[in-house]
Amino acid sequence: MTGRNEQAGLAADRVASGWRWMLAAAAAYNLVIGIPGIAAPDAELMARTTSLLVACFGLLYALIAWQPARLGPALWPAVAGKAGIVALILPEILAGRAPPGTSAIIAGDALFGLAFLAFLLSRARKKRTV
């Protein structure tokens, strides 16, 4: 019985190790974008609140990077959030009304959202084949 548990643990580690760097990068991305805005003296309350939420999601991604096999399902709200923010802000970018730098941030959100979705779908596919 121990051999089977060890094999399952090794398989989970292999699955997890392939995605840890992406999740750690997502954590760093959100923290780098979110933390400076929290204490920005000239920022309005809603901008600081948004920065706080972005940073908190960064902490979530860091936790998931630590144990992706166990905590991975917590990425579903992040997929919805990444898709939602792209859907909200992309029209502003296309209309030329978004602040400078917004395009790069939204591109990062879109890429991480797709990566999160790929991670979640690959896990679901592997569960069906096991």
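Checking every residue in region 39-55 against the condition of being among the basic types (Lys, Arg) and under 17 Å from residue 117 (Cβ atoms) gives zero matches. Scanning for something more than 17 Å from residue 114 (Cα to Cα) and either assigned to a helix (DSSP H, G or I) or touching a helix residue (DSSP H, G or I) at 6+ places or on another chain (Cβ under 9 Å) (or both), does region 72-84 turn up at least one residue? Checked against the condition, which is being more than 17 Å from residue 114 (Cα to Cα) and either assigned to a helix (DSSP H, G or I) or touching a helix residue (DSSP H, G or I) at 6+ places or on another chain (Cβ under 9 Å) (or both), region 72-84 yields no hits at all. If you go through region 44-70 and keep only what is modelled with pLDDT under 95 and part of a helix (DSSP H, G or I), you end up with 66, 68, 69, 70.
Please verify whether region 33-53 includes one or more residues that are within 11 Å of the chain's Cα centre (by Cα) and surrounded by 14 or more Cβ atoms within 10 Å (Cβ to Cβ). No; the residues of region 33-53 include none that is within 11 Å of the chain's Cα centre (by Cα) and surrounded by 14 or more Cβ atoms within 10 Å (Cβ to Cβ).
Take the residues of region 84-130 that are in contact with a Leu (Cβ under 7 Å, 6 or more places away or on another chain) and in contact (Cβ under 8 Å) with a residue 40 or more places away in the chain: which is surrounded by the fewest Cβ atoms within 10 Å (Cβ to Cβ)? Across region 84-130, the extreme among qualifying residues is 120. The listed residues are 80, 107, 115, and the only one of them that is more than 12 Å from the chain's Cα centre (by Cα) and closer than 23 Å to residue 20 by Cβ turns out to be 107.
The values are calculated or read from the model by the stated rules, or taken from the named source; none is laboratory data. This is a predicted model, so every value here is computed, not measured. All Cβ positions, glycine included, derive from the backbone under ideal geometry; neighbour counts span all protein chains shown.
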